[in-house]
Amino acid sequence: MIVEKLKQVRAQMAAVAAQHGRDPGSIRLMLVTKTVSAERIMTALAAGETLIGENKVQELQAKYEALSSHPHETHMIGHLQTNKVKDVIGYADCIQSLDRVKLAHKLQQRLEFEDKTIDALLQVNTSGEASKFGIAPEEALTLISEVRGCDRIRLRGLMTIGANTEDEDDIRRCFQLLKQIQQQAQQRYGDYSDFAELSMGMTYDMAIAIEEGSTMVRIGRAIFGER
Ligand SMILES: *Cc1c(COP(=O)(O)O)cnc(C)c1O
């Protein structure tokens, strides 16, 4: 079942990429594994998948051991409280939910203490929905410059969640805005080629995200079923 769903999602990714003249190899598939058991995740890893995302530090830790026999990357994609920073380092390869200066400073401090570095994406609230975390679009460049001052954090790009609506134009605008912020940052910082990641697109808006330049789609339900 999971393996079949994976094939379907990958086929859809490839089809949409081809339709818009994009190389399917330039778009990574992240398996969003919140509420999914380690056993089911293992089925996907055994099928060749290499990237998973978790929303909660606790879940990340709980499944860590059980998944360790299959090499893979794990990204933290949920809201991260500053008091959980020490628990996430060592478990996550990338923090996609970096959205405020205080969190960046806390991460930097802890990473210095442990003599480590970590990858991160800046989460931008492109829809403006009050229920969503993420930095406001107009404050994103300021936060980027702050994070650039944190030498333990390697900022790789941006992440967003599309508007929660049936209106495709509204969803598309979110993804276009993320791309614009990336271009502004690249202009401001010159050769900023390390800032290439655009993590956007979920089960119901994956196609729009790929069309708008996503380099990483985060898919849960289409693979593991409804939560
Ligand atoms: C749950 C979640 C997803 C996956 O959503 P689906 O609709 O299950 O594909 C992607 N990104 C984030 C940040 C999530 O919390």
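Output the residue which, of all residues in the stretch 185-203 that are touching a residue at least 12 places away in the same chain (Cβ under 8 Å) and over 15 Å from the mean Cα position of the chain (by Cα), is nearest to L155 (Cα to Cα).
That would be D194.
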Checklist entry - Quick one: would you say S131 is surrounded by fewer than 18 Cβ atoms within 10 Å (Cβ to Cβ), under 24 Å from I219 (Cβ atoms) and among the hydroxyl-bearing types (S, T, Y)? => result yes
Checklist entry - Of the residues that make up the stretch 87-94, is at least one on the phi < 0 side of the Ramachandran plot and assigned to a helix (DSSP H, G or I)? => result yes
Item to check | Residue identified as among the hydroxyl-bearing types (S, T, Y) and either in contact (Cβ under 8 Å) with a residue 40 or more places away in the chain or within 16 Å of the ligand (Cβ to nearest atom) (or both) among T160, T142 | outcome: T160
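Restricting attention to the stretch 201-227, report how many residues are more than 9 Å from the ligand (Cβ to nearest atom) and either assigned to a loop (DSSP other than H, G, I, E, B) or modelled with pLDDT under 95 (or both).
Initial filter on the stretch 201-227 (more than 9 Å from the ligand (Cβ to nearest atom)): 207-216, 225.
From the residues that got through so far, the ones that are either assigned to a loop (DSSP other than H, G, I, E, B) or modelled with pLDDT under 95 (or both) too are 212-215, 225.
Residues that pass the stated criteria total 5.
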Checklist entry - Looking at (1) modelled with pLDDT of 95 or more; (2) within 10 Å of the ligand (Cβ to nearest atom); (3) not in a helix (DSSP H, G or I), which is the one condition that is false for D151? => result (2)
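Could you run through the stretch 173-200 and say how many residues are at positive phi and within 16 Å of the ligand (Cβ to nearest atom)? First the steps, then the outcome.
We begin by selecting, within the stretch 173-200, every residue at positive phi; these are 190.
Filter once more, so that each one left must be within 16 Å of the ligand (Cβ to nearest atom): none.
Count: 0.
The values are calculated or read from the model by the stated rules, or taken from the named source; none is laboratory data. None of these values were measured; they are calculated from a predicted model. In this analysis, Cβ positions are derived from the backbone assuming ideal geometry, glycine residues included, and neighbour counts consider all displayed protein chains.
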